[in-house]
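> Just dropping this structure here.
The values are calculated or read from the model by the stated rules, or taken from the named source; none is laboratory data. Predicted model, so just to flag it, every value in this text is computed and none were measured. For neighbour counting, all protein chains shown are included, and Cβ atoms are generated from backbone atoms with ideal geometry for every residue, glycine included. To get the accessible areas, we keep the full protein, side chains included, count just its heavy atoms, and leave off ligands, DNA and RNA. Shrake-Rupley method; radii C 1.70, N 1.55, O 1.52, S 1.80 Å.
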Amino acid sequence: MTVVAKAHDKKPKETGQAVEPVAYGLLALAWFVPGLGHWVLGKKTRAVVFASVITAGFITGLVLGGELGVPKVENPFSWLATFAGMGNGVLYLVRLLWLNGLGGLFSGLPLGLVGGGDPVGAGFIYGKTFLITAGLMNYLAVLDVSDIARGVKE
């Protein structure tokens, strides 16, 4: 209980200190390349762990034959999967480019994109879940970078 109280006492609002605004470029960097925001802030071990876990989740999703989240007219919830998948940053963009080609990527925006995967494959749903989870983990890593940069967390 004392450990929680000591950690709680370090919050800037408790001590009257102002919370520093975070640079949006740093957050964009942290989103685009998993782990890079932590690396820039000097948290190299945390950066390697986040980059490894997010990349491993993404690759596992691809190996299982999962579909990247792409928006579909007939399924409004596909927009949520798209948002979650976009959390993978450069991994998401490279995979879309691989599947659609450069011409298809720009001509198919947003509703004509192909997300890959085989819907009748045994690992389709599991793979899609891994891809979505990896993106959501990267969003959490971006929030962690924000907290560290503002001095709210070490």
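> Show me the chymotrypsin sites (Phe, Trp or Tyr not before Pro) within the stretch 69-133 that DSSP assigns to loop and that have at most 13 other Cβ atoms within 10 Å of their Cβ.
For chymotrypsin sites (Phe, Trp or Tyr not before Pro) across the stretch 69-133 that sit outside H, G, I, E and B with at most 13 neighbouring Cβ atoms in 10 Å, the list reads Phe77.
> For the chain, modelled as a Gaussian network with Cα springs under 10 Å, which listed residue fluctuates most, Gly115, Gly127, Gly103?
Per the Cα network of the chain with a 10 Å cutoff, Gly103 tops the list.
> Test of understanding: in a Gaussian network model of the chain with alpha carbons linked when under 10 Å, which of Ala23, Ala56, Ala141 would top the mean-square fluctuation ranking?
Comparing Ala23, Ala56, Ala141 in a Gaussian network model of the chain, the most mobile one is Ala23.
> Quick one: ranking Ile54, Ile59 by accessible area, 1.4 Å probe, largest first, what do you get?
Result, largest first: Ile59, Ile54.
> Kindly provide the helix-only [θ] at 222 nm of the chain, computed as the sum of -39,500 (n - 2.57) over DSSP H runs of four or more divided by all residues, to the nearest 500 deg cm²/dmol?
It comes out at -20500 deg cm²/dmol, rounded to the nearest 500.
> Of Pro76, Pro110, Val48, whose Cα points farthest to the positive end of the dipole of the chain (charges on the beta-carbon: +1 Lys, Arg; -1 Asp, Glu; origin at the Cα centre)?
Working it through, the farthest residue towards the positive pole turns out to be Val48.
> Quick one: the Cα spread of the stretch 77-144 along its three principal axes, in angstroms, biggest first?
Answer, in whole Å and largest first: 36, 29, 21 Å.
> Then there is this: Please report the equivalent ellipsoid semi-axes of the stretch 49-90, computed as sqrt(5 x eigenvalue) of the Cα gyration tensor, largest first, in whole Å.
22, 12, 6
> Now, a different point. Would you kindly state how much longer the chain becomes between Leu80 and Glu154 on full extension, computed as 0.36 nm times their sequence separation minus their alpha carbon distance, in nm to one decimal?
23.5 nm
> Could you pull the accessible area for Ser78 with a 1.4 Å probe, rounded to 10 Å²?
Roughly 10 Å² of Ser78 is accessible to a 1.4 Å probe.
> Between Val70, Val120, Val40, find the one with the highest GNM mean-square fluctuation for the chain; connect C-alpha pairs within less than 10 Å.
In this elastic network of the chain, the residue with the biggest mean-square fluctuation among Val70, Val120, Val40 is Val120.
> Stretch Ile125-Leu93 to full length: gain in nm at 0.36 nm per residue minus the Cα-Cα span?
9.5 nm
> Still on this model: Where the centre of each part is set by its Cα atoms, how far does the stretch 23-37 sit from the stretch 61-103, in angstrom?
Value for the Cα centre distance between the two parts: 20 Å.
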